[in-house]
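Okay, structure first, notes after.
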Amino acid sequence: MSSFSPRRAQSETGDPLLLTPGPLTTSKTVKQAMVHDWGSRDAAFLKINKDVLTRLPEIIHGEGSYVTVPMQGSGTFAVEAMLTSLVPADGKVLVLINGAYGHRAKRILDIAHRETAIYETPEDTPPDPDRVNAILKGDPAITHVFVVHCETTSGVRNPVEAVADVVAQNGRRLLIDAMSAFGALPLDSRTTSFDAVAASSNKCIEGVPGLGFVLVKREVIAGAKGNATSLVLDLHDQWQGFEKTGQFRFTPPIHVIVAFHQALEEFWAEGGVAGRGGRYAENCRILVEGMQDLGFSTLLPPDLQAPIIVTFHMPKDLAFDFQRFYDGLSERGFLIYPGKLTVADSFRIGCIGRLYPKDMHAALAAVREVLVDLGVSTPLRSAA
Ligand SMILES: *Cc1c(COP(=O)(O)O)cnc(C)c1O
């Protein structure tokens, strides 16, 4: 290691840039929105909250037919609330698994004593809609199908639209975990049929963590009374609270919601899904091409890669040490993510959050410098 200290990249507020799938780098204005106090039952906060709830369904073109039910907590709280409140005790869920979040849904359903069937594919392989069709035809007891839009474990984009068509043709109901895709990958409820979709404040809308939400068809939530397996995560009860009083049942994460409101303003100003998704796609393209120039290879082929987070194979060069690579990037102001795969030794770099093409170029320059520091020759010889 040289004693020279490298140039350090930073966000608008002097923080490291988070090349992670969320929590992620947020704008200064989103953070500044939080430096106040509000009463949780006061009109000023209730108006901000109502604005958020009313406008979220526009992102899936579901205004009028879908309602937003927010849930305090991280994204998993919303997924658990969705699954346990919308699947009745005598329901059965076909869980499509190709990563950690599919496995998590299965655990949630097991704990809630909901019957499940599993269709699992490797982490680099999306589910095949024809296979889903065959499973549904063969098991009339299945009432619901659960799918993850972008499996953040690998960054794979699952074929939600094709799965939705098959589920609808078989008269079953679809529940989507779109956590890391919501706001960046299009999901149009006018052409894609689903009962509910769960997401959170701290991913592609670029808010801070602390709020999950479920967009659910009005008639579906209205019919969900009594399903819940817990008081806190009872989506129907939470929805009833808003219908009756416009308020949360229990203390809301007020600052998170006010920041989320600001983040949504910035999301619309950027052009909604097209604008936000377009910037991420450009970030992703720069990242992948730059890493490939250095000799890294991606887990996924371009047609399966969502512009959210990219999994790279760990280089074979013995001089490459992931912890030192991570630390070198961190010293330069970039935080990346370790791999979470069973199919390959890997690490991940995210392209979402308040990051622009210039930040991706700077990250690539930092990667190149760190490789030189580690004594790894580039381009890498055999990456995979
Ligand atoms: C982030 C994420 C979640 C929720 O994770 P939390 O840590 O609970 O916020 C769920 N599903 C997917 C696909 C995700 O990317």
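Values quoted throughout were computed directly from the atomic coordinates according to the rules given, and no laboratory measurement underlies them. Treat the numbers as computed from the prediction; the structure is a model and nothing was measured. A quick note on method: Cβ atoms are made from the backbone with ideal geometry, for glycine too, and the neighbour counts reach across all protein chains shown.
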Taking the alpha-carbon centre of each part, the distance from region 50-125 to region 158-219 in Å is 8 Å
For region 272-374, size of Cβ-based charge dipole, Lys and Arg +1, Asp and Glu -1, in debye:
400 debye
Equivalent ellipsoid semi-axes - Cα gyration tensor, region 1-157, angstrom:
36, 26, 14
Over 29 Å between alpha carbons, listed pairs Lys137/Lys340; Lys106/Lys358; Lys137/Lys217; Lys47/Lys203; Lys50/Lys217
Lys137/Lys340; Lys106/Lys358
With the 8 Å Cα cutoff and a minimum separation of six or more residues, region 272-374 has a relative contact order in percent of 34 percent
Name the trypsin sites (Lys or Arg not before Pro) in region 152-210 that are in a loop by DSSP and that have at most 11 other C-beta atoms within 10 Å, would you?
Arg190
If one takes the longest principal axis of the Cα atoms in the chain, at what angle in degrees, from 0 to 90 and to the nearest 10, does the Cα axis of helix 322-331 lie?
90 degrees
Over region 28-269, how many percent of alpha carbon pairs lie in each 10 Å bin up to the one with the longest distance?
8, 34, 37, 17, 4, 0
Where does helix 357-374 land angle-wise versus the long Cα axis of the chain, in degrees 0 to 90, nearest 10?
50 degrees
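Could you tell me what percent of the DSSP beta bridges with both partners in the chain are antiparallel, to the nearest 5? Present the calculation step by step, with values, prior to reporting the outcome.
Values: 23 of 43 bridges.
Bridges in the chain are about 55 percent antiparallel.
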If you count the DSSP beta bridges with both ends in region 272-374, what percent of them are antiparallel, to the nearest 5?
100 percent
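How fast does region 272-374 diffuse by Stokes-Einstein, in µm²/s, taking the Kirkwood radius from C-alpha pairs at 37 °C and 0.692 mPa s? Mind dumping the intermediate values first?
Numbers: Rh = 14.0 Å.
The diffusion coefficient I find is 235 µm²/s.
Provide Tyr101, Tyr119 in ascending order of the number of other Cβ atoms located within 10 Å of each residue's Cβ, fewest first.
Values: Tyr101 22, Tyr119 19.
Fewest-to-most Cβ neighbours within 10 Å comes out as Tyr119, Tyr101.
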Acute angle (nearest 10 degrees) that the helix 129-138 long axis makes with the longest principal axis of the chain, alpha-carbon atoms:
40 degrees
